[in-house]
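Here is the structure we will look at, set down as structure tokens.
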Amino acid sequence: MTEQLDAGLVARRIAGSDQVGEPRDPAEGREVGRARRRREDARLITGRTRWTDNIQLPGMLHVAFLRSPMAHARLTRVDVSAALAMPGVVAAFSGRDFAGEQGSLPCAWPVSEDVVIPDHPPMAVDRVRYVGEAVACVVATDRYRAADALEAIEADYEPLEAVLDMTEALSDGAPAVHEAGNQAFTWRFSGGDADAAFHDAPVVLDRTYVQQRLIPTAMEPRAVVAVPEGEGFTLYSATQIPHILRVMLALTTGIPEHLLRVVAPDVGGGFGSKLQVTAEEVLGLLLARRLGRPVKWTESRSEGNLTAHHGRDQIQRISVAAERDGRIRGVRVDLLADMGAYLMLVTPGVPLLGAFMYSGVYKMDAYDFTCTGVFTTKVPTDAYRGAGRPEATFAIERAVDELAAELGLDPVEVRRRNWISREEFPYTTVAGLTYDSGDYEAATERALALFGYDELRAEQADRRERRDPVQLGIGVSTYTEMCGLAPSRVLGSLSYGAGGWEHAAVRLLPTGKVEVVTGTSPHGQGHETSWSQITADALGVPFEDVSVLHGDTAVSPRGMDTYGSRSLVVGGVAVLAACEKVKEKAKRLAAHLLEAADDDVEFADGTFRVRGTDQGRTIQELALAAFAAHDLPDGFEPRLDADATFDPENFSFPHGTHLCAVEADTETGRVAIRSYVAVDDVGRVVNPLIVEGQVRGGIAQGIGQALFEEAVHDTGGNLLTTTMADYLIPSAADLPDFVTDRTETPATSNPLGVKGVGEAGTIAATPAVVNAVVDALRPHGVRDVPMPCTPERVWRALARSRANDGGTR
Amino acid sequence: MPEVTVTVDGVAYEEEVEPRLLLVHLLRDRLGRTGTPIGCDTGNCGSCTVLLDGRSAKSCSVLAVQADGSDVVTVEGLASGGDLHPMQRAFHEEHALQCGYCTPGMIMAAIDLLRDDPDPSEEAVRRGLEGNLCRCTGYCTIVRAVRRGARAMSGGRDAGPGGEAGGEAAGGPAGGEAAGEPAGEGVAAP
Amino acid sequence: MIPAPFDYVRPASLDEACRVLGEAGDGDGDGEVKALAGGQSLLPLLRLRLAYPSVLVDLGRLEELRGVHDRGDHVFIGALTTHDEVLRSPVVREHAPLVALATATVADPAVRHRGTFGGSLAHADPAGDLPAVALALDCVLVTASGAGGREIPAAGFFTGYLETALEPGEVLTGVKVPKLGDGWGFHYEKFHRTAQAWAVVGVAAAVRIDAGAVAQARIGLTNMGPAPVRARAVETALRGVTPPAAGAGGGHDPVKDACAWADEGTSPPTDLHARPDYRRHLARVLTHRAVRAALP
């Protein structure tokens, strides 16, 4: 028999093995910059996890939802009585049963004056607008009986016409998704004089790109456990945003915020899909209140594919005006963004996050952006890794490659002629953003060298010459992005409903150990490790002496959570700021105990010393002294702790150069990635292991969009890709190893010099791959392949251009 | 209701079950072995992979009644007395997990893979893990971890130099088996 | 998701299995009686509630249906032999290499540990890899039933989409895979979008060369219709053709010409991954590749 595992022992053993990744200069003794193995791993590799679905409580009931099989219909009758008679069923409800209390799911980003925010009941009452919308629920003693009882609910629908295509949705006479029509908003933005830039431009390029609808597919399906506790409730949810969720649930349900505790236990990935206030969270809470018992809901993958928000789904018309030497004069973008059936938490804001990024790394005189949000009868879209920025980056990076092809120039050369050069930083772009730092030259040079660019171009020429049925394509992506979603004032000016600050608290315990409380809510990002590294350096304490608390509003009451590559840039800096405050206090205490002036005390390696003497106190000694409180300065509170918030003045702007080589089989249309090189500049690096992990995972998702993934609906609005057998995400066998490297240009907008890394790989990769695919096929006359570039689509693109060419190629 | 006898991580259980009860629900909901998670309903993602009578199986695609009389090992049964299984250790050392949801299944699939191929090539690892999906890592470090775990399992606890844990950006490309065996700092002896 | 309830029977003998499958077949009109082998295709269908059997008859403990046997002129593969066992069998590798080649592409390792050879054939998914192999090799499917049992040639076994010639109360017990003798080469060419995805199109090819020319070819196609199909036109066209030497570039390739008939007589489906015209094209290209790779 296997001995039972001692988790503490495992954790210690793991810690014992982590004396690796020593800093380059051991004398320096720094944690920041060191490839620390993660402390989170101990529970994750042993199965001692706390996924929401693991929670079992006495008397807990299980919820299942009946979901609309119609994309658009009047809901004329819902009868749950037969379900109530089923074994194990405790309760069953229709939307009407909750009409008075369920409220409307919130949209926190009313982007424009004209925005239409339709009522969005968590359970439909009289109308359904997408397949999968909840129309009724049952609550039973276990999940099996709950699933059975769903089949006994009767629901009648009067079908209405589905609205699936954005262009058709905006045409006259289209069936209306909402009374106010199908246009959710329009949003315009411009910098410079676009008319002048396009007037008489020697080269004008017009392209249309489709950002297909994607399903984020975090590996952990969503789950909710709502528990009545005392006067209030605890809601466990697989969420990225426990803090925002608490506020929003209070506003939506009327349950007072102070009686609501939200816990994000271990969360198995999010990628934006768990940045949401969901129907199931609201109803879970309301059911727990009504029944006075804990309730659990866990979605299945197919239920999640139908109902958890989707991402992307935009049609981009981009025009580029340029000189014959490749210099860009201006860019115009006209965007249609599919909102789906309702506006959820930040649905309409997603395209705006891209609006400022269409100029990319390039200088130009003018930029003009228009976006129209469109309602359709599909599940709403919302944030998916990158949220707006991958779309923008794709369009400009694809267009620059097309410009190079049009002019017969090397795509890297066209970029060189346009990008902001290293001596021009800080640089204010045509879109009004001030990029604080960057070195596109360095990242690109490094990437080209690692990639073997010239050799691959030579091989490409050879294969073209030989008319090899397998053609080589090379794709370039020199991206930047705005991330570290923060500056509260800027977010306010964009009508976002909240700020972008982040909070941290640092507490020295009497025994010299340190608790860090963070408002970020990690779900794979390794904050427990990185925040410990920052703290260990700042306070001069051992890494092992720090613990990081998060994801529970009772433990970490203030925070803005984790999304938009913001956690390190805002939350990590807040941890540093709190440490600095603690140090200030400790210094005052040290000076008092050492009978020295504050200014004569200096801090190094965890010890406060009187300058020029060997007299000192360690920070641990000071923690105990503060606790004992026997001899404190007047007015000094008996504790060494501090709170801090950080709200930067600017976004951060990671950048990098990604190069992709593909082999395209022109006979079958199959595309295989031959090599992939990514050189990213994410500023200063706290933990290289974690940074590389984020980049590689991001690349895999970017490749997923380029080659594999698409949410497909039939003409009736039924999602066809409900399972992982249909919605294909790449496995290890479908991807190559990625070569990753970095350049480091510190951000100037925060004291750590960090820029954020969570979305960079995804933003960069998609255009690199598609540029490579098109590059491979260009000699055959192909100028574009819609995403995902499936074998069939590649084959059709080739067939079309052969037909257009009269078969001469 | 049928009664099934299963041994899970060394403990024998007798349970009355509905015929339709999935093995993974027996593990999670009845036996409290929640270390094995569920990621899909079609047997594609592999999150729920366990060893069933010694071979990898997706416990969401097996009925509990089918497992009657069987021996099940989950990720919770790998470590003993505080000693991690070499594959668990390798996943940690190579940073082969982020959110960790796929990790139990990945580790079980990796252990199974090594039964037939104790020193798999990168390609063999990639092929061998085709039934286990990860959304976080891009798989690079998972592949390295499996190969590191393989070395540890065949050559004793210490895999020797391995891992790119210390791979520093400025120092060169941190990627790829292409550069030969990864050369990072050594692993401290346990 | 959660399967709907069903009754469960685990027969201790083949006779009992046939009896239960026969009896239950007359029962509840709502559901049907369904045989359960490894369950790797059936369990997902149950969980998605796309199948509602009233009774599940678990054949999993019928040891007599398990194993690979060398029977002189053929290899007998017991229906419950797992894909993994098939792959490990030296008999299969030596005498039925095409079976091994195709089995290695089925799903993923964990599924191959549970999924069975007979189960895959009886499930008769047009995108499954093994039916086309059984067809190409003219395997004979052996059944048992209360009435005694039958031997059904593969050509008569796959009757439609997920449909076979199996009658209620009839159990597939094993498959006779003919040994083809000397001079044959084999290949299974699977085209799929991701490693564990179903075949968009698959081609099972066996080719015998005699005196430098194709003496005989057997070609089965996966997912080119509601049931697997033989590419008879290609088989005919290949006869007597002399393949160009490997590495001979350009020029006329009579093998390719013959393979251009691959989609003859097929009725390929439309699904998420391909429309019919593309499948027809793939069938031609992949058949050429399969035949080329199969050349001994």
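The values are calculated or read from the model by the stated rules, or taken from the named source; none is laboratory data. Since this is a predicted model, take the numbers as computed values, not measurements. Note that each Cβ is placed from the backbone with ideal geometry, even for glycine, and that neighbours are counted across all protein chains shown. For accessibility, only protein heavy atoms count, side chains too; no ligands or nucleic acids. Shrake-Rupley method; radii C 1.70, N 1.55, O 1.52, S 1.80 Å.
Numbers below:
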| quantity | calculated |
| --- | --- |
| Qualifying residue in region A:762-785 (condition: open to solvent by less than 10 Å² (accessible area, probe 1.4 Å), within 10 Å of chain B (Cβ to nearest Cβ), of a type in the set (S, T, N, Q) and not in a strand (DSSP E or B)) | no |
| Number of positions in region C:73-126 that are without any contact (Cβ under 8 Å) to a residue 12 or more places away in the chain and among the small types (Gly, Ala, Ser) | 1 |
| Residues that are more than 11 Å from chain A (Cβ to nearest Cβ) and open to solvent by less than 10 Å² (accessible area, probe 1.4 Å), drawn from region B:89-125 | B:112, B:120 |
| Filter result (of a type outside the set (Val, Ile, Thr) and open to solvent by less than 20 Å² (accessible area, probe 1.4 Å)) within region A:241-268 | A:242, A:243, A:245, A:249, A:250, A:260, A:264, A:265, A:266, A:268 |
| Pairs, first open to solvent by 80 Å² or more (accessible area, probe 1.4 Å) in region A:167-180, second of a type in the set (A, V, I, L, M, F, W, C) and assigned to a loop (DSSP other than H, G, I, E, B), C-beta under 8 Å, six or more apart | A:168/A:174 |
| Residues that are under 16 Å from the mean Cα position of the chain (by Cα) and farther than 19 Å from residue B:14 by Cβ, drawn from region B:69-82 | B:75, B:76, B:78, B:79, B:80 |
| Residue satisfying condition, being part of a loop (DSSP other than H, G, I, E, B), touching a residue at least 40 places away in the same chain (Cβ under 8 Å) and at the interface with another protein chain (Cβ under 7 Å from one of its Cβ atoms), within set A:740, A:723 | A:723 |
| Hey, residue C:10 at the interface with chain B (Cβ under 10 Å from one of its Cβ atoms), surrounded by fewer than 23 Cβ atoms within 10 Å (Cβ to Cβ) and in contact with a strand residue (DSSP E or B) (Cβ under 9 Å, 6 or more places away or on another chain) or not | yes |
| Scan of region A:184-228 for residues that are open to solvent by 60 Å² or more (accessible area, probe 1.4 Å), assigned to a strand (DSSP E or B) and out of contact with any Ser or Thr (no Cβ under 6 Å at 6 or more places or on another chain), ordered by number | A:190, A:204, A:208, A:210 |
| Selection count, region A:412-438, where residues are assigned to a loop (DSSP other than H, G, I, E, B) and not hydrophobic (A, V, I, L, M, F, W, C) | 7 |
| Failed criterion for residue A:695 (all others in (1) assigned to a loop (DSSP other than H, G, I, E, B); (2) among the aliphatic types (A, V, I, L, M); (3) open to solvent by less than 10 Å² (accessible area, probe 1.4 Å) hold) | (1) |
| Candidate set: region B:10-36, residues that are touching a residue at least 40 places away in the same chain (Cβ under 8 Å) and more than 10 Å from chain A (Cβ to nearest Cβ); chosen: the one surrounded by the most Cβ atoms within 10 Å (Cβ to Cβ) | B:23 |
| Unique residue being within 14 Å of chain B (Cβ to nearest Cβ), assigned to a strand (DSSP E or B) and surrounded by 24 or more Cβ atoms within 10 Å (Cβ to Cβ) when the list is C:80, C:43, C:56 | C:56 |
| Test: residue in region B:128-142 that is within 13 Å of chain C (Cβ to nearest Cβ), assigned to a helix (DSSP H, G or I) and surrounded by 20 or more Cβ atoms within 10 Å (Cβ to Cβ) | yes |
| Search result, residues across region A:48-63 that are assigned to a strand (DSSP E or B) and within 28 Å of the chain's Cα centre (by Cα) | A:51 |
| Scope region B:64-82; condition in contact with a Gly (Cβ under 7 Å, 6 or more places away or on another chain) and more than 8 Å from chain A (Cβ to nearest Cβ); matching residues | B:66 |
| Scan of region B:37-56 for residues that are of a type in the set (Val, Ile, Thr), more than 7 Å from every other protein chain (Cβ to nearest Cβ) and without any contact (Cβ under 8 Å) to a residue 40 or more places away in the chain, ordered by number | B:38 |
| Any hit, region C:10-21, residues being closer than 16 Å to residue C:113 by Cα, in a loop (DSSP other than H, G, I, E, B) and touching a Gly at 6+ places or on another chain (Cβ under 8 Å) | no |
| Members of region C:255-280 that are assigned to a helix (DSSP H, G or I), open to solvent by less than 70 Å² (accessible area, probe 1.4 Å) and in contact (Cβ under 8 Å) with a residue 12 or more places away in the chain | C:255, C:258, C:259, C:279 |
| Any chance residue C:99 is surrounded by fewer than 23 Cβ atoms within 10 Å (Cβ to Cβ) and of a type in the set (Val, Ile, Thr) | no |
| Among the residues listed as A:516, A:506, A:548, the single one being more than 14 Å from chain B (Cβ to nearest Cβ) and more than 26 Å from residue B:100 (Cα to Cα) | A:506 |
| Flag for residue A:723 being touching a Leu at 6+ places or on another chain (Cβ under 9 Å), among the hydroxyl-bearing types (Ser, Thr, Tyr) and surrounded by fewer than 24 Cβ atoms within 10 Å (Cβ to Cβ) | yes |
| Count - residues of region A:614-673 that are within 14 Å of another protein chain (Cβ to nearest Cβ), open to solvent by 10 Å² or more (accessible area, probe 1.4 Å) and among the polar types (S, T, N, Q) | 1 |
| Enumeration of residues in region C:102-141 that are open to solvent by less than 20 Å² (accessible area, probe 1.4 Å), part of a strand (DSSP E or B) and away from every other protein chain (no Cβ under 14 Å) | C:141 |
